[in-house]
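The values are calculated or read from the model by the stated rules, or taken from the named source; none is laboratory data. These figures come from a predicted structure and were not determined experimentally. Methodologically, a virtual Cβ is constructed for each residue, glycine included, from the backbone with ideal geometry; neighbour enumeration extends over all protein chains shown. When the accessible area is computed, the model is the full protein with side chains, heavy atoms only, and any ligands, DNA or RNA have been set aside. Shrake-Rupley method; radii C 1.70, N 1.55, O 1.52, S 1.80 Å.
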Amino acid sequence: MSGTLARLRSLCPTVSVGTLTADLMHLDAELELLERAGVGIVHVDVMDGCFCPQMTVGPAYVKGLRTPLLKDVHLMVEEPLDKLEPYAAAGADIISVHVEATVHIHRVLQTLGTLEHGERPGEAIVRGLAFNPGTPLEWLGPLLDEVDMVTILAIDPGWSGQIMASATLGRVARAKAMIAAAGKEILVCVDGGVTRGNIADIAAAGADLIVTGSAVFDGKAAEANARFVLAAARARRLYAL
Ligand code: DX5
Ligand code: ZN
């Protein structure tokens with residue numbers, strides 16, 4: 001297991017905080033605020049205007065994030081094969097690709113497995129595979145050997161602040177059952193639509209990583225929000241003791 005994957009696993013269950021609704025002109029301060037709150041992972045939403053309607057950021061943004069937080073890069077881009085390496089070079093710790101983004105997803109995941117971390121030569125990138133709400137989880141079956149983390153999108157990618165799809169918690173349970181039946185140790189992540197009101201249920205369903213954007217960066221009380229969601233995500237571990 002790579003050092004980065006071991007570090008990620010040691011943090012779970014936990015949150016990965018998205019910056020789409022953060023104050024992008026003062027990102028250093030926003031990242032410091034997350035650190036102060038005890039958050040260990042920052043989530044970067046990369047949208048290409050094709051796979052999903054919006055366009056956001058690219059490798060230069062990932063490189064520009066001056067932070068000790070793990071950089072969790074979510075690629076919502078079509079045909080990611082030739083676009084992976086610049087994100088690894090930019091210092092991404094986790095790179096997630098969408099199962100719907102290419103017919104050659106196996107090749108994409110294999111290629112991701114050959115890339116080295118841009119700042120820690122020889123160290124592998126954590127490989128994530130993301131599923132839109134309408135995509136059958138059965139597509140995971142043939143890819144179980146090539147994945148470190150499965151992300152269940154609770155919303156259709158494109159915007160912050162959408163409502164969580166009703167099937168999400170059942171899909172978390174289904175993914176965990178598939179992983180357990182195969183004897184694998186793959187993390188399960190939920191991304192999108194997370195609120196103060198539903199995060200405890202998502203944690204209880206067994207999510208190892210919970211991506212949350214607007215529930216933290218709401219333009220009001222980001223640090224207190226970050227502490228709240230982190231405690232809620234970790235509560236599963238406390239109950240399990
Ligand atoms: C969806 C992105 C999510 C989302 C999170 O397009 O992948 O990471 O922006 O934002 P919230 O938590 O506000 O739904
Ligand atoms: Zn995301």
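Would you tally the residues in the stretch 72-89 being without any contact (Cβ under 8 Å) to a residue 60 or more places away in the chain and in contact with a Phe, Trp or Tyr (Cβ under 8 Å, 6 or more places away or on another chain)?
Qualifying residue count for the region: 4.
Listed residues G91, G122; which is assigned to a loop (DSSP other than H, G, I, E, B), open to solvent by less than 20 Å² (accessible area, probe 1.4 Å) and either out of contact with any Cys (no Cβ under 6 Å at 6 or more places or on another chain) or of a type in the set (D, E) (or both)?
Criteria check complete, one pass: G91.
Being part of a loop (DSSP other than H, G, I, E, B), under 21 Å from H106 (Cα atoms) and not hydrophobic (A, V, I, L, M, F, W, C) is the requirement here; does G141 meet it?
Spelling it out, it is not the case that G141 is part of a loop (DSSP other than H, G, I, E, B), under 21 Å from H106 (Cα atoms) and not hydrophobic (A, V, I, L, M, F, W, C).
Suppose the filter is open to solvent by 40 Å² or more (accessible area, probe 1.4 Å), of a type outside the set (D, E) and more than 16 Å from L8 (Cα to Cα); does G134 pass it?
In short, yes.
State all residues of the stretch 142-161 that are within 14 Å of ligand 1 (Cβ to nearest atom), open to solvent by 40 Å² or more (accessible area, probe 1.4 Å) and either at pLDDT 95 or above or of a type in the set (A, V, I, L, M, F, W, C) (or both); if no residue qualifies, say none.
D156, W159
Looking at the structure I just gave you, is H104 open to solvent by 40 Å² or more (accessible area, probe 1.4 Å) and either of a type outside the set (G, A, S) or in contact with a Gly (Cβ under 6 Å, 6 or more places away or on another chain) (or both)?
Criteria met by H104.
Spot the failing condition for T195; the list is (1) within 12 Å of ligand 1 (Cβ to nearest atom); (2) closer than 17 Å to T102 by Cα; (3) surrounded by fewer than 18 Cβ atoms within 10 Å (Cβ to Cβ); (4) hydroxyl-bearing (S, T, Y), and only one is missed.
With respect to (1) within 12 Å of ligand 1 (Cβ to nearest atom); (2) closer than 17 Å to T102 by Cα; (3) surrounded by fewer than 18 Cβ atoms within 10 Å (Cβ to Cβ); (4) hydroxyl-bearing (S, T, Y), T195 is out only on (2).
Among the residues of the stretch 96-123, which ones are in contact (Cβ under 8 Å) with a residue 24 or more places away in the chain and among the hydroxyl-bearing types (S, T, Y)?
Answer for the stretch 96-123, where residues must be in contact (Cβ under 8 Å) with a residue 24 or more places away in the chain and among the hydroxyl-bearing types (S, T, Y): S96, T102, T111.
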